[in-house]
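Chemist: Let me give you the structure first, and then I'll get to my questions.
The values are calculated or read from the model by the stated rules, or taken from the named source; none is laboratory data. Values in this document were obtained by computation on a predicted structure and should not be read as measured data. We place every Cβ from the backbone using ideal geometry, glycine too, and count neighbours over all the protein chains shown.
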Amino acid sequence: MLAIILIVVAVAILAVLGFAATRPDTFSVSRSVVIGAPPEKVFPLIDDLKAQQAWSPFEKDPAMKRRLGGAERGKGQVYEWDGNRQVGAGRIEITDSTPPSSVTMLLEMVRPFKARNKVVFALAPRGDGTAVTWTMSGRQPYMAKLMGMFVNCDAMVGREFEKGLASLKALAEHQPQP
């Protein structure tokens, strides 16, 4: 009887491991919001990594070590952080900036796991406002595929993007016009 149970458990484990291997090698998480402000007002809040600290959902650790370097804003600006388990450690660099329509970044995570992902903010006029779409994409190694069998990463990261976009919306709609 014990042998049968062990065989069933082994087959179930092998089935999960095998199914995980068939999952896509890449991922993409994307969320959007319409902000009641023109792109020219929203863009500077995204194109400056220092300004992002005011609305980013990933600024959860008050004791986090932060370093800003490179360009003053836009292409070449770099933000590095080292924080608690909740925020981890890593680096993000603006690799392309096209005012007022898009900002592209390279995100390199060191902790809690290594990752190298592309982050894009796309801004488009929408009536008197701006549609902002926040997308992160990258490779999905086997361990991430396996974890995805038990954790909905799109929902987990997507919730953070939604919080960040809501904060960006509130900030952009309530700050005074320049």
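Chemist: Go through the residues of the stretch 114-125 one by one and say whether even a single one is basic (Lys, Arg), surrounded by 14 or more Cβ atoms within 10 Å (Cβ to Cβ) and outside any strand (DSSP E or B).
Modeler: Scanning the stretch 114-125 turns up no residue that is basic (Lys, Arg), surrounded by 14 or more Cβ atoms within 10 Å (Cβ to Cβ) and outside any strand (DSSP E or B).
Chemist: Among the residues of the stretch 103-120, is any touching a residue at least 60 places away in the same chain (Cβ under 8 Å) and touching a Cys at 6+ places or on another chain (Cβ under 9 Å)? It would help to see each step written out before you state the result.
Modeler: Pass one, the stretch 103-120, residues touching a residue at least 60 places away in the same chain (Cβ under 8 Å): 103.
Checking the rest, the ones that are also touching a Cys at 6+ places or on another chain (Cβ under 9 Å) come to none.
Within the stretch 103-120, none of the residues are touching a residue at least 60 places away in the same chain (Cβ under 8 Å) and touching a Cys at 6+ places or on another chain (Cβ under 9 Å).
Chemist: Given (1) under 17 Å from Val87 (Cβ atoms); (2) surrounded by 16 or more Cβ atoms within 10 Å (Cβ to Cβ); (3) of a type outside the set (Lys, Arg), where does Gln53 come up short, assuming only one miss?
Modeler: (2)
Chemist: With (1) in contact with a helix residue (DSSP H, G or I) (Cβ under 6 Å, 6 or more places away or on another chain); (2) not in a strand (DSSP E or B) as the list, and Val103 as the residue in question, which single condition is left unmet?
Modeler: So the condition that Val103 fails would be (2).
Chemist: Filter the stretch 92-113 down to residues that are more than 19 Å from Phe27 (Cβ to Cβ) and buried (at least 16 other Cβ atoms within 10 Å of the Cβ), then give me how many there are.
Modeler: The total comes to 6.
Chemist: Restricting to the stretch 87-100, count the residues that are in contact with a helix residue (DSSP H, G or I) (Cβ under 8 Å, 6 or more places away or on another chain) and under 17 Å from Trp134 (Cβ atoms).
Modeler: We begin by selecting, within the stretch 87-100, every residue in contact with a helix residue (DSSP H, G or I) (Cβ under 8 Å, 6 or more places away or on another chain); these are 92, 94, 99-100.
When the remaining residues are screened for being under 17 Å from Trp134 (Cβ atoms), the result is 92, 94, 100.
Within the stretch 87-100, residues that are in contact with a helix residue (DSSP H, G or I) (Cβ under 8 Å, 6 or more places away or on another chain) and under 17 Å from Trp134 (Cβ atoms) number 3.
Chemist: Could you check the stretch 130-169 and list, in sequence order, the residues that are free of Cβ contacts under 8 Å to residues at least 60 places away in the same chain and small (Gly, Ala, Ser)? Before you say what the answer is, go through the steps one by one.
Modeler: Of the residues in the stretch 130-169, the ones free of Cβ contacts under 8 Å to residues at least 60 places away in the same chain are 141, 143, 147, 150-152, 155-156, 159.
If the condition is that a residue be free of Cβ contacts under 8 Å to residues at least 60 places away in the same chain and small (Gly, Ala, Ser), then Ala155 is the only one that fits.
Chemist: Under the condition of being of a type in the set (S, T, N, Q) and either modelled with pLDDT of 95 or more or crowded, with 16+ Cβ neighbours inside 10 Å (or both), which residue from the stretch 138-168 is farthest from Gln52 (Cα to Cα)? Explain how you work it out, then say what you get.
Modeler: Residues of the stretch 138-168 that are of a type in the set (S, T, N, Q), as a first pass: 140, 152, 167.
Filter once more, so that each one left must be either modelled with pLDDT of 95 or more or crowded, with 16+ Cβ neighbours inside 10 Å (or both): 140, 167.
Working: Gln140: 26, Ser167: 10 Å.
Only one residue tops the list, namely Gln140.
Chemist: Considering only the stretch 1-99, give the helices (runs of 4 or more DSSP H) lying wholly within it that have at least 1 residues that are acidic (Asp, Glu) and more than 15 Å from the chain's Cα centre (by Cα).
Modeler: Details: elements: 2-21, 39-46, 49-52.
It comes to 39-46.
Chemist: Pairs only if they're at least six apart or on different chains, beta carbon under 7 angstrom, first in the stretch 75-90 and over 11 Å from Met64 (Cα atoms), second outside any loop (DSSP other than H, G, I, E, B) and among the polar types (S, T, N, Q); list them, first residue then second.
Modeler: Pairs that qualify, where the first residue is over 11 Å from Met64 (Cα atoms) and the partner is outside any loop (DSSP other than H, G, I, E, B) and among the polar types (S, T, N, Q), are Lys75/Thr95; Lys75/Ser97.
Chemist: Sort out which residues of the stretch 82-98 are touching a Gly at 6+ places or on another chain (Cβ under 8 Å), modelled with pLDDT of 95 or more and not charged (D, E, K, R), and write them in order of number.
Modeler: The answer is Ile94, Ser97.
Chemist: Quick one: how many residues across the stretch 122-148 are farther than 22 Å from Met109 by Cβ and of a type in the set (Val, Ile, Thr)?
Modeler: 2
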